[in-house]
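Student: Quick one: structure below, then a few questions.
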C-alpha cells in the first residue's frame with residue numbers, strides 16, 4: 001500500500017506484526033566533513049543552513065570523530081572520507097540507504113534534487129564496499145528524474161515495514177513510489193510538509209519501532225499525529241517549535257532503550273519531553289554537533305544505517 005489516505009494507512013498498519021525485520025540497524029556508516037562548507041544550491045531550500053562565515057571545518061571534524069566514537073558504543077561504525085567537491089556529504093543518509101527485502105540485502109542510491117549532492121551518488125568506494133565487500137545488490141535510483149532523498153524524506157519503521165514520506169521539492173510522489181518499492185515496504189503514507197520544510201527527518205523520528213518524536217507544526221497533515229498515537233500507543237512525544245528548531249526531531253535509536261541526538265537538541269528538551277521518552281524506556285544520549293549543524297542537519301542526518 002502507498003497512499004495519502006491516513007485512515008486507510010493506519011488501519012492497515014495496525015494489522016501488521018512487528019516482524020518485518022530488526023527495529024534497529026546492525027551497523028552504521030558516516031562520511032567525514034572534509035571540506036565542510038556552505039553549499040549554496042542546498043541552501044536554496046534548507047532554511048536550517050547557517051551563513052558561510054559560520055562554518056568551521058576543523059570544529060566539524062572534531063565533532064564528527066566524537067560522534068563516531070559515541071555511536072560505536074551501540075553498533076560498528078565505518079567512516080568514509082569526505083571531499084571538498086561534495087560539501088554536504090557529511091549527511092549521507094539522504095543519498096545512501098540499506099534494506100533487506102525478502103532476506104536479501106540491498107544498497108539503495110537516491111536521487112538528490114541539487115547537482116552538488118548528485119555528485120555524492122557517484123562515489124565508487126561506497127558503492128563498491130556494499131556491492132563487492134558485503135555482497136549487497138544495488139538499487140540505483142540516482143539516474144531517474146524524480147527526487148527521492150531516501151531517509152531524509154522517508155522515515156521508516158523497520159520493525160513493521162512501513163514508511164512516512166513527506167513530500168517537498170526533495171521528494172515527489174513518483175520518487176516516493178520508487179523508494180517504497182526499493183525498500184520493499186508493506187505500506188507508505190504520503191503527506192505534504194509545511195511550507196519551508198525540506199525533509200521529514202527533522203520533524204519526525206520513529207524510535208526502534210515503538211515510539212515517535214514529532215513536530216506537528218512542520219507537517220501539513222493534521223491527522224498524522226492521531227495516526228501515530230494509534231500505531232505507538234503511549235509512545236508519541238510532541239515537540240515544541242523551540243525543540244524542533246534545535247534538531248530534537250533529528251534523532252535516532254541504534255539500540256534498544258537509547259536515543260541519540262545533538263547536545264543542543266538535548267539541552268532544549270522540556271522535562272515533559274524527557275518524561276515522555278523515559279516512559280517508553282528511552283534514555284537520551286547526546287553528542288556536541290554545533291559546527292556540523294551549520295550545514296542544516298544534525299545527528300540523524302549524519303547516520304546511514306546498515307541493515
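The values are calculated or read from the model by the stated rules, or taken from the named source; none is laboratory data. Model, not experiment: these values are computed from the prediction. A quick note on method: Cβ atoms are made from the backbone with ideal geometry, for glycine too, and the neighbour counts reach across all protein chains shown.
Student: Residue by residue through region 144-159, note down the ones that are in contact (Cβ under 8 Å) with a residue 60 or more places away in the chain and in a loop (DSSP other than H, G, I, E, B).
Tutor: Matches in region 144-159: 158, 159.
Student: Additional query: Out of all the residues in region 1-20, is one or more touching a helix residue (DSSP H, G or I) at 6+ places or on another chain (Cβ under 8 Å) and within 24 Å of residue 125 (Cβ to Cβ)?
Tutor: no
Student: Restricting to region 99-123, give me the number of residues that are surrounded by fewer than 20 Cβ atoms within 10 Å (Cβ to Cβ) and part of a helix (DSSP H, G or I).
Tutor: Count: 5.
Student: Something else: I'd like to verify a number: residues in region 160-184 that are assigned to a loop (DSSP other than H, G, I, E, B), touching a helix residue (DSSP H, G or I) at 6+ places or on another chain (Cβ under 8 Å), at pLDDT 95 or above and within 23 Å of residue 109 (Cβ to Cβ), how many? Spell out the reasoning first.
Tutor: Of the residues in region 160-184, the ones assigned to a loop (DSSP other than H, G, I, E, B) are 160-161, 169-170, 172, 183-184.
Remaining after also requiring touching a helix residue (DSSP H, G or I) at 6+ places or on another chain (Cβ under 8 Å): 160, 170.
Subsequent filtering for residues that are at pLDDT 95 or above retains 160.
Next cut, within 23 Å of residue 109 (Cβ to Cβ) only: none.
Selection size over region 160-184: 0.
Student: Within region 66-97, can you find the residues that are surrounded by 22 or more Cβ atoms within 10 Å (Cβ to Cβ) and farther than 19 Å from residue 170 by Cα?
Tutor: 67, 71, 82, listed by residue number.
Student: Just give me the residues in region 124-143 being part of a loop (DSSP other than H, G, I, E, B), loosely packed, with under 14 Cβ neighbours inside 10 Å and touching a strand residue (DSSP E or B) at 6+ places or on another chain (Cβ under 6 Å), in sequence order. Lay out the reasoning, then the answer.
Tutor: Initially, region 124-143 is screened for residues part of a loop (DSSP other than H, G, I, E, B), giving 134-136, 141-143.
If we keep only those that are loosely packed, with under 14 Cβ neighbours inside 10 Å as well, we get 134-135, 143.
The answer is none; no residue qualifies.
Student: So which of 274, 261 is within 28 Å of residue 33 (Cα to Cα) and free of Cβ contacts under 8 Å to residues at least 60 places away in the same chain?
Tutor: Numbers: 274 fails: within 28 Å of residue 33 (Cα to Cα).
The unique qualifying residue is 261.
Student: So, one more: Output the qualifying pairs, or none if there are none: Cβ atoms under 9 angstrom, residues six or more apart or on different chains, first residue in region 123-138 and on the phi > 0 side of the Ramachandran plot, second residue surrounded by fewer than 14 Cβ atoms within 10 Å (Cβ to Cβ) and modelled with pLDDT under 95.
Tutor: Short answer, once both residue conditions are applied: none.
Student: Could you grab the pairs with beta carbons closer than 6 Å, sequence gap of 6+ or different chains, first residue in region 224-244 and under 17 Å from residue 6 (Cα atoms), second one assigned to a helix (DSSP H, G or I)?
Tutor: Short answer, once both residue conditions are applied: 225/216; 227/6; 227/10; 230/10; 231/13; 236/228; 236/229.
Student: Those residues that are touching a strand residue (DSSP E or B) at 6+ places or on another chain (Cβ under 6 Å), in a helix (DSSP H, G or I) and over 15 Å from residue 209 (Cα atoms), I need them from region 1-43; list them, please.
Tutor: Within region 1-43, 9, 12 meet the criteria.
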